[in-house]
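This report refers to the structure that appears directly beneath it.
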Amino acid sequence: MLVGDHSYQTVWMEDHTVKMIDQNALPFSFQIHECPSYWDTCMAITDMTVRGAGAIGAAAAFAMAQAFLEAPETDREVFLEDAREEIEGTRLTARNLFYAVERVYEAGQLSAENAKTEAQRIALQDTEDTRAIGRYGNKLIKNNARILTHCNAGWLAFVDYGTALSPVYTAKKEGKEIFVYVDETRPRGQGARLTAWELMQEGVPFTIIPDNAAASLMQQGKIDLVIVGADRIAKNGDTANKIGTLGRAILANTFGIPFYIAAPTSTIDAACKSGKEIIIEERNQDEVLYQDGIDANGNKVKVMVCAPGSTAYNPAFDVTPAKYITGIITEKGIIKAHHQSISSLLKSIEDERA
Ligand code: MRU
């Protein structure tokens, strides 16, 4: 994606170093963060320098490849198993992270170079999948559509293109008039900070709304379509996504508005029968109690936004039951969010590979 006149991916690997757009610095400054070791890449995933299901999948793949490149001759196996455990412990809910680590770990059994090649392949696949999601999702977007999205499932959340925003970008390129309502997405503000910044880069008209404004907008008939991303999709279609997604889904259902999940098939967890089995990551309470920003002089500031001495509960994701989901936009097409459609899609992918 273009930032100014330069084409970027969200995360990539050069030699032994993993490089990424620093998403904690955005939208106030654009910086590239470098991770020379697998441990540095783990830290970048944990502190959300890189975030979003596909981007952390690619970052984790690169981290696993770095671990193979760093592994000593003696106790190599133990080093690699520990590294894998550390990488998998960085973020718990997003399926892509585990899927990617598994693939690179297997590939690395042949050689460290093979691990690196596999990680690059995962990043490339992420790019191709999300571009295809844009093509399929675009078919749902009518001229003059007003779309609501939650969190950031744009190109910053993947290696490129994004999921929920990829159809928006395709629609824009096709010359459709569109407007995006962006949920601010407390507590970390991925909508207000990242989605808003991305849409601005792409010249897509948008406005940020407070998280609790969606019901009123829907009631007034101001939203035609909801598209959000996914962090993990269970075999029955239940979907984990950024906290607050469930509320949007129930509202959309109440007001008769189509509610779509956009995600590559790598986000589907075939071993997970229903949303009840999805582990929800709980994050530090300071994300709720404080907000980061800049002051009038452009200096970084952190301010308390609660009664001093308060505590906070901070679950990062919720699970939307399949019954509220109109469809899932994947790289293979749009499918129903139920067991049968998901199983036959996964089966056709397996058959293709065989
Ligand atoms: O905690 P984050 O920012 O890594 O959350 C992931 C997300 O960006 C969202 O849940 C998103 O909608 C799905 S990931 C493309």
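From the list V288, V228, V319, exactly one residue is under 30 Å from A100 (Cβ atoms), outside the structural domain of A25 (by TED's automatic domain parsing) and out of contact with any strand residue (DSSP E or B) (no Cβ under 6 Å at 6 or more places or on another chain). Which is it?
V288
Just checking, does segment 191-202 include any residue being modelled with pLDDT under 95, among the acidic types (D, E) and not assigned by TED's automatic domain parsing to the domain that holds V50?
yes
For segment 306-322, enumerate the residues that are touching a residue at least 12 places away in the same chain (Cβ under 8 Å) and not aromatic (F, W, Y).
From segment 306-322, those touching a residue at least 12 places away in the same chain (Cβ under 8 Å) are 306, 310-322; that's our starting set.
Passing the criteria: C306, S310, T311, A312, N314, P315, A316, D318, V319, T320, P321, A322.
Step by step: first the residues of segment 147-171, then only those that are within 18 Å of Q23 (Cβ to Cβ), hydrophobic (A, V, I, L, M, F, W, C) and more than 7 Å from the ligand (Cβ to nearest atom), then the one that is surrounded by the fewest Cβ atoms within 10 Å (Cβ to Cβ). Which residue is that?
It comes out as V159.
So, of the residues in segment 40-54 that are more than 11 Å from D22 (Cβ to Cβ) and part of a helix (DSSP H, G or I), which turns out to be farthest from the ligand (Cβ to nearest atom)?
D40
Scan segment 137-150 and report the pairs whose first residue is at positive phi and whose second residue is aromatic (F, W, Y) and open to solvent by 10 Å² or more (accessible area, probe 1.4 Å), with Cβ atoms within less than 9 Å and a gap of 6+ or a chain change.
N144/F179
From the list I141, I147, I133, I178, which one is under 16 Å from the mean Cα position of the chain (by Cα) and at pLDDT 95 or above?
I133
Conditions first: (1) closer than 27 Å to I279 by Cα; (2) open to solvent by 70 Å² or more (accessible area, probe 1.4 Å). T74 passes all but one, so which condition is the exception?
Among (1) closer than 27 Å to I279 by Cα; (2) open to solvent by 70 Å² or more (accessible area, probe 1.4 Å), T74 violates only (1).
Considering only residues that are touching a residue at least 40 places away in the same chain (Cβ under 8 Å) and polar (S, T, N, Q), look in segment 172-209 and name the one that is farthest from the ligand (Cβ to nearest atom).
Q201
With the requirement that a residue be open to solvent by 40 Å² or more (accessible area, probe 1.4 Å) and small (G, A, S), what does segment 278-296 give you?
A296 - this is the single residue of segment 278-296 that is open to solvent by 40 Å² or more (accessible area, probe 1.4 Å) and small (G, A, S).
Restricting attention to segment 280-336, report how many residues are at positive phi and within 15 Å of the ligand (Cβ to nearest atom).
0
Filter segment 226-240 down to the residues that are open to solvent by less than 10 Å² (accessible area, probe 1.4 Å) and more than 23 Å from Q9 (Cβ to Cβ), then identify the one that is nearest to the ligand (Cβ to nearest atom).
Result: A240.
Are any residues in segment 112-146 more than 24 Å from S7 (Cβ to Cβ), open to solvent by 50 Å² or more (accessible area, probe 1.4 Å) and either outside any loop (DSSP other than H, G, I, E, B) or in contact with a Ser or Thr (Cβ under 8 Å, 6 or more places away or on another chain) (or both), and if so, which ones?
E113, R146
With the structure loaded, tell me whether V11 is away from the ligand (no atom under 16 Å from the Cβ) and buried (at least 24 other Cβ atoms within 10 Å of the Cβ) or whether it fails that test.
no
Could you list all residues from segment 77-100 that are open to solvent by less than 20 Å² (accessible area, probe 1.4 Å), part of a helix (DSSP H, G or I) and either away from the ligand (no atom under 16 Å from the Cβ) or basic (K, R) (or both)?
Listed by number, the residues that qualify are L80, A83.
If a residue has to be open to solvent by less than 40 Å² (accessible area, probe 1.4 Å) and either part of a helix (DSSP H, G or I) or of a type in the set (K, R) (or both) to count, how many in segment 203-214 make the cut?
Qualifying residue count, segment 203-214: 3.
Out of the residues in segment 300-327 that are of a type in the set (S, T, Y) and more than 26 Å from G229 (Cβ to Cβ), which is surrounded by the fewest Cβ atoms within 10 Å (Cβ to Cβ)?
T311
Please find, among T41, T93, the residue that is under 19 Å from F317 (Cβ atoms) and out of contact with any Leu (no Cβ under 9 Å at 6 or more places or on another chain).
Just a single option satisfies the conditions, and that option is T93.
The values are calculated or read from the model by the stated rules, or taken from the named source; none is laboratory data. These numbers come from a predicted model, not from an experiment. Heads up, the Cβs are rebuilt from the backbone with ideal geometry, glycines too, and the neighbour counts pull from every protein chain shown. Quick note on the areas: whole protein, heavy atoms, side chains included, nothing else; ligands and nucleic acids left out. Shrake-Rupley method; radii C 1.70, N 1.55, O 1.52, S 1.80 Å.
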